[in-house]
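For reference, the structure discussed in these notes is given below.
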Amino acid sequence: MSTYHCIHFHIIFSTKHRKPWIADTWIHQLHAYLGGTLKGLEAVPLKIGGVSDHVHMLVGCKTTHCPADLVRETKSAATLWVHKEIKFAPFAWQEGYAIFSLSPDACPGVAKYIEHQAAHHQKKSSLDELKELLAKAGVQYDPKYLE
C-alpha cells in the first residue's frame, strides 16, 4: 500500500428547526447507531455525542470518502432508525451540517469537547455554539441558514 493518510473531521448536525427531539431515554442508542453506520461506511467513529437538538461526531476517514456522502448516508440511516425503532415519525435532521477538518493533535481536545456536551449546553445554546465554532474556523455564513 502506498497511500498514507490521516483525515479527521468534526461534524455537527441538528434536528430540523433545532427541535429538542432526541430524548435522554434513547440518545445513547442513537449515538451507537450513528457509530455503527459510520463503521459500515468504513469510517472510524472516534467520538459521538450531543444533546436533544444536535449531534457531534469526530470521524476518521479514508482518502476515498466523500464527506458530503458520508454525512448524507449517516443522517439518512439515523432518521430511518428513529422512525422504525423509536417510532417517532416527526423526526428529521436539518438539511445542512457543519464540518471541520482537524489536525491529529486537535482530536483529543475535540473528543473531550464532544464528551462534555450536556454540561456545555447548560450554559450555551446549540446555535450560539455553532456560531462560535464557525467564527473560530473563519467560516462565513448566512444567518438565515442556521435556524
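The values are calculated or read from the model by the stated rules, or taken from the named source; none is laboratory data. Keep in mind the model is a prediction, meaning the values are calculated, not measured. Note that we place each Cβ from the backbone using ideal geometry, even for glycine, and neighbour counts take in every protein chain shown. These area figures cover heavy atoms from the full protein model, side chains too; ligands, DNA and RNA do not enter into them. Shrake-Rupley method; radii C 1.70, N 1.55, O 1.52, S 1.80 Å.
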Rounded, prolate or oblate: which fits the chain when a ≥ b ≥ c are the square roots of the eigenvalues of the alpha-carbon gyration tensor, with rounded for a/c under 1.5 and prolate only if a/b beats b/c? oblate
With point charges of +1 on the Cβ of Lys and Arg and -1 on the Cβ of Asp and Glu, referenced to the Cα centre of the chain, which listed residue (VAL139, TRP21, GLN94) lies farthest in the positive direction of the dipole? TRP21
Accessible surface of the range 1-128, 1.4 Å probe, proportion on carbon and sulfur as whole %: 56
Measure up LYS39/LYS75; LYS19/LYS124; LYS39/LYS62; LYS47/LYS87; LYS62/LYS136 against 18 Å on the Cα-Cα distance and list the ones that go over. LYS47/LYS87; LYS62/LYS136
Give the ranking of THR79, THR3, THR15 by solvent-accessible surface, highest area first, calculated with a 1.4 Å probe. THR3, THR79, THR15
Using the heavy atoms of the protein chains alone and a 1.4 angstrom probe, what is the accessible area of the chain per residue in square angstrom? 58
